[in-house]
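The values are calculated or read from the model by the stated rules, or taken from the named source; none is laboratory data. What you see is a predicted model, and the numbers here were worked out from it, not measured in a lab. Cβ placement follows ideal geometry from the backbone for every residue including glycine, while neighbour counts extend to all protein chains displayed. Each accessible area value is taken on the protein alone, full model and side chains, heavy atoms only, with ligands, DNA and RNA left out. Shrake-Rupley method; radii C 1.70, N 1.55, O 1.52, S 1.80 Å.
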Amino acid sequence: MTRRTALAAAAELLAWWAGLVLLWLVLVSTVDTLERIVGASAAAVGALLARAGRRSVTRR
């Protein structure tokens, strides 16, 4: 994996993560510290799965 490919992968993961965190924040009413940790972790897992799913479909 070249540096350019690694940066593209990191940017994609960050974009998925940010989108999922924003969606989560829209759907919850009150947020405390534990919920932030759980929400961010769930968004990270979702970002990894979204990238893996996209890669399996596009083969890139």
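Could you tell me which residue of the stretch 1-21 is farthest from the chain's Cα centre (by Cα), considering only residues that are in contact (Cβ under 8 Å) with a residue 12 or more places away in the chain and farther than 18 Å from residue 41 by Cβ?
9
Could you please find all residues in the stretch 17-60 being outside any helix (DSSP H, G or I) and open to solvent by 60 Å² or more (accessible area, probe 1.4 Å)?
Here is the first cut: in the stretch 17-60, the ones outside any helix (DSSP H, G or I) are 28-32, 59-60.
Of everything in the stretch 17-60, those that are outside any helix (DSSP H, G or I) and open to solvent by 60 Å² or more (accessible area, probe 1.4 Å) turn out to be 29, 30, 32, 59, 60.
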